[in-house]
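**Q** Below are the structure tokens for one structure; questions will follow.
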Amino acid sequence: MRPHEVTRAVAVGPHLFQVKVEKAFDVRLTAVGSRVFAVRIDSPDLDWRQRQSLMECTPIAVPARIARSVSAYLTTFRLVFGAFDFAVTPAGDWYFLECNPNGQWAWQPNPVTDSIGRAIADELQRAVEHEPARADNGAEARTRQPGLLSPYTASGDQPPVTVQEYGDVPKPL
């Protein structure tokens, strides 16, 4: 859509307009804690999800500045996991599209999914090892530290989480 094509009709509801990025390929970067795993996605379609049978995925190195930005994003939003989507131009510029805090990753090549699975297991183990002991001798599951996993009780009930519990969210870099 071009600016002259926008009419007063957009006032009727919310809209999001994005500039089309001329891309060479897409990247799905999966971040688990401080680890990042990325695959290059080559597809004949603008949106590779349309015809996944035609896409090819290969592991790709992540530029240090992208890894630092992803780490800052996770820290800012107190996430341990994120599935980040990027469009990469022919000049090699990475354009951030979105972060899925519960994104899919098992469709990637086996060596990548194996590494992601191990990283998730490591983070879960680290969270369990760092739980404070409770005086009720385990009648309820121990409370998780903010930013690792959501608090829960043995009954499976999840208490409401509010911004006040975690303080102000820092501004993105």
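The values are calculated or read from the model by the stated rules, or taken from the named source; none is laboratory data. Keep in mind the model is a prediction, meaning the values are calculated, not measured. Note that each Cβ is placed from the backbone with ideal geometry, even for glycine, and that neighbours are counted across all protein chains shown. To get the accessible areas, we keep the full protein, side chains included, count just its heavy atoms, and leave off ligands, DNA and RNA. Shrake-Rupley method; radii C 1.70, N 1.55, O 1.52, S 1.80 Å.
**Q** Give the carbon-plus-sulfur fraction of the accessible surface of the range 1-104 in %, rounded to a whole number; probe 1.4 Å, heavy atoms of protein chains only. Each step should come with its number before you reach the end.
**A** On the way: 3620 of 6840 Å².
Answer for the range 1-104: carbon and sulfur cover 53 percent of the accessible area.
**Q** Next question, about the same structure. For the range 1-112, what is the accessible area per residue in Å², given a 1.4 Å probe and the full set of protein chains?
**A** 65 Å²
**Q** Sticking with this structure for a sec: Compute the separation of the alpha-carbon centres of the range 55-114 and the range 14-33 and state it in Å as a whole number.
**A** After rounding, the separation between the Cα centres reads 10 Å.
**Q** Let me ask something else about it. Report, by chain and number, residues whose modeled amide H sits under 5 Å from the one on R40, excluding near sequence neighbours (fewer than 5 apart, same chain).
**A** T58, I60
**Q** Amide H of A24 versus every other amide H placed in the peptide plane: which residues, excluding those fewer than 5 positions away on the same chain, fall under 5 Å?
**A** V88, T89
**Q** Read phi for every residue in the range 6-22 and hand back ³J(HN,Hα) as whole Hz from Karplus 6.51 cos²θ - 1.76 cosθ + 1.60, θ = phi - 60°, with x for Gly and Pro.
**A** 7, 10, 5, 4, 5, 5, 6, x, x, 9, 10, 10, 10, 6, 6, 9, 6
**Q** At R0 = 35 Å, how high is the FRET efficiency between R118 and V6 if r is their beta carbon distance? Nearest 0.05 is fine.
**A** 0.15
**Q** Just to verify a number: what accessible area does I120 come out at with the full protein assembly present, 1.4 Å probe, Å² rounded to tens?
**A** Around 50 Å² of this residue is reachable by solvent.
**Q** With a point put 7 Å past each Cα toward its Cβ, work out how far L97 is from V21 in nm, to one decimal.
**A** Here the answer is 0.8 nm between the modelled labels.
**Q** Determine ³J(HN,Hα), in whole Hz, for all residues of the range 67-82 in sequence, where each value follows from phi through the Karplus function 6.51 cos²θ - 1.76 cosθ + 1.60 and θ = phi - 60°; x replaces Gly and Pro.
**A** 4, 5, 5, 5, 4, 5, 4, 4, 4, 4, 9, 6, 10, 9, 9, x
**Q** A follow-up question, please. Under 5 Å between amide H atoms, partner at least 5 residues away or on a different chain: which partners does F81 have, H built in plane at 1.01 Å?
**A** Those qualifying (amide H under 5 Å, at least 5 residues apart or on another chain) are G33.
**Q** Taking R0 as 25 Å, what FRET efficiency do you get between R78 and D42 from their Cβ-Cβ distance, rounded to the nearest 0.05?
**A** The calculated FRET efficiency here is 0.15.
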